[in-house]
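A.B. asks: My questions all concern the structure below.
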Amino acid sequence: MRSRRRIAVPFLAASAVATLVPALAPASTATAAENPLAQYLQQKPSWHRCDKSGPASYQCATIKVPLDYSRPDGKKLDLAISRMKTSTKKERRGVLLINPGGPGGTGVEMPFVLSGELPKSVQAKYDLIGFDPRGVGQSSPVSCGLKTAEMNWQRPYKAGTFAKDVKWAKTVADKCDAKQGAKLRHITTRNTARDMDVIRGVLGEKKISYLGYSYGTYLGAVYTQMFPKRSDRFVLDSSVDPARVWRGMIQVWAEGAEPAFANWTKWTAKRDSTFKLGKTPAAVSKTFWDLVAQADRKPIDDGSGVPMNGDDIRMSMRQIVFNAEYAANTVKDLKAAAEGKKTTPAPTRESRTPERPAPPAFGTAAAKVKVPSDNTDASFWSVVCADTRAWPTDPEQYRRDAIADKKKYPLYGDFASNIKPCAFWKQQGAEPATKIDNKVGALLLQNEWDSQTPLTSGQGLHRVMKGSKMVTVAGGIGHGIYGTKSCADKTATAYLATGKLPAKDITCKATPPAEGERSGKSPLPIPAPRGVPGMVSRF
């Protein structure tokens, strides 16, 4: 299958483990008899400057964690960690662990990246701690030996290509099993949460605070469920619904796109004099779907040199429709291209904003681990397939769901419900998915128009984290909030700095985008690994 061009736009037995991990403690005097994980807690990280090009305060180290927490004396994994310590010891509260999302997103850069974004009142309270989750980046990275074509997983359902899609899904699963074997059963969110608790113990902390974006919200929620007494101040930004991991979280992209599409047709119809796509929502919708049909007959070249068929247009529209102006401009340009007219796209935010310098590399050149080219995809499938036992194993179930969901959610329903490698994953659901149901205090931040974790997803996490409070940004566009100069920032900063949650849930109004703003890409300064452009094709 050809690579689809994307329009640029802004995831042992439980009883045995449960008896081991809660014994983690910051004291380094614990013996192996008292705590089977003592050898990990007694590690003394060899902190060193991450890279000569970076500041001396940005330090890196590597620690060991058990591959299998029920067998702590067995195989070990390397875990890459980083820090930027607060310079104000008097105000210091503890550590703030940070995760940028994924699954498959690297996190060692986060202290350096966010040190320029977080308010001084927050940085004064915490040492900022980054880490690459197990299997990702510098932390014993997994690989399935996937070719570029095999990493194309957004596949529309078609009767004539379904057999090929089934073969692709099985090939990916078989390659991962052949290359990684039983290791895959341990690349899970629950084990990454256990790793976070090892980090806590190694750093000598009784509790951790946490800032997690996207998939990082689920990781944070799992930590609060497993280690409620060690959870301090948790900010969960753009949330995954725990009840829907993981097939349901891909399907929610299709569900969330439909109200966004309806909102877009209304917005665009009111501005017909500008976009000329239709004077009514129905007319705007017809213009779009006529373009899809035309592209299915003959792909449309919008000037990029890579013609787009109808499936390409649907997939791209699903990502950008949450930003009504950007979507309207894009469809306007596409319509002009279909009519043989040349277009000059308006500048995007990216073309107007200077590039941020790349974060310094992790460790010295000699210490750096060579990350496989398919690591992002391999670690993504490792987590979403091994986290839960809910993936159907019958290919015909995927066929039926894809057909039904294309009718219900025309933009993306068949993409979301089509077959995935998890159908054939041999290590699927080594442990049951974590049921989140606790009263740990946490602050949830959620944009109304988020393409990756739609509003309903954030509301799902809020329901089961009964001690949480939620800030909803009405009219907010994009995936990721804290650090974007959002109306939610003030509440998040106050919580991290003082520990005070708002008395009740808050809804604040987003600042309207600048005139002509077309970017749907999140402005967050979050590292975007290959395959996760702006966190758009993952969580």
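The values are calculated or read from the model by the stated rules, or taken from the named source; none is laboratory data. Note that the coordinates shown come from a computational prediction; the quantities given were computed from them, not determined experimentally. Cβ sites come from the backbone with ideal geometry, for glycine too, and all protein chains shown count toward neighbours.
A.B. asks: Six or more apart or on different chains, Cβ atoms under 6 Å: show the pairs whose first residue is in region 491-510 and assigned by TED's automatic domain parsing to the domain that holds LYS469 and more than 12 Å from SER468 (Cα to Cα) and whose second is among the polar types (S, T, N, Q) and outside any loop (DSSP other than H, G, I, E, B).
C.D. replies: ALA497/SER121; THR507/THR472
A.B. asks: Specify the residue that is surrounded by the fewest Cβ atoms within 10 Å (Cβ to Cβ); the eligible residues are those in region 122-158 that are touching a strand residue (DSSP E or B) at 6+ places or on another chain (Cβ under 9 Å) and outside any loop (DSSP other than H, G, I, E, B).
C.D. replies: My answer is ASP127.
Table: residues versus (1) surrounded by fewer than 19 Cβ atoms within 10 Å (Cβ to Cβ); (2) assigned to a helix (DSSP H, G or I).
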site	(1), (2)
GLN446	no, no
GLN452	no, no
MET470	no, no
ALA474	yes, no
TYR482	no, no
LEU496	no, yes
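A.B. asks: Across region 159-172, what is the total count of residues that are surrounded by 18 or more Cβ atoms within 10 Å (Cβ to Cβ) and among the charged types (D, E, K, R)?
C.D. replies: Number of matching residues: 1.
A.B. asks: Which of the helices (runs of 4 or more DSSP H) contained wholly in region 262-329 include at least 3 residues that are within 19 Å of GLY478 (Cβ to Cβ) and within 29 Å of the chain's Cα centre (by Cα)?
C.D. replies: Working: elements: 272-275, 281-297, 310-320.
Here the list reads 310-320.
A.B. asks: Moving on. So, of the residues in region 190-218 that are among the hydroxyl-bearing types (Ser, Thr, Tyr) and out of contact with any strand residue (DSSP E or B) (no Cβ under 6 Å at 6 or more places or on another chain), which turns out to be farthest from PRO454 (Cα to Cα)?
C.D. replies: Filtering region 190-218 for residues that are among the hydroxyl-bearing types (Ser, Thr, Tyr) and out of contact with any strand residue (DSSP E or B) (no Cβ under 6 Å at 6 or more places or on another chain), the one farthest from PRO454 (Cα to Cα) comes out as THR192.
A.B. asks: Let me ask something additional. Out of LYS164, LYS183, LYS179, report the one residue that is of a type in the set (D, E, K, R) and within 24 Å of ASP401 (Cβ to Cβ).
C.D. replies: Matching residue, one of LYS164, LYS183, LYS179: LYS164.
A.B. asks: Follow-up question, since we're still on this one. For region 392-444, which residues satisfy the criterion of being surrounded by fewer than 22 Cβ atoms within 10 Å (Cβ to Cβ) and aromatic (Phe, Trp, Tyr)?
C.D. replies: Answer for region 392-444, where residues must be surrounded by fewer than 22 Cβ atoms within 10 Å (Cβ to Cβ) and aromatic (Phe, Trp, Tyr): just PHE424.
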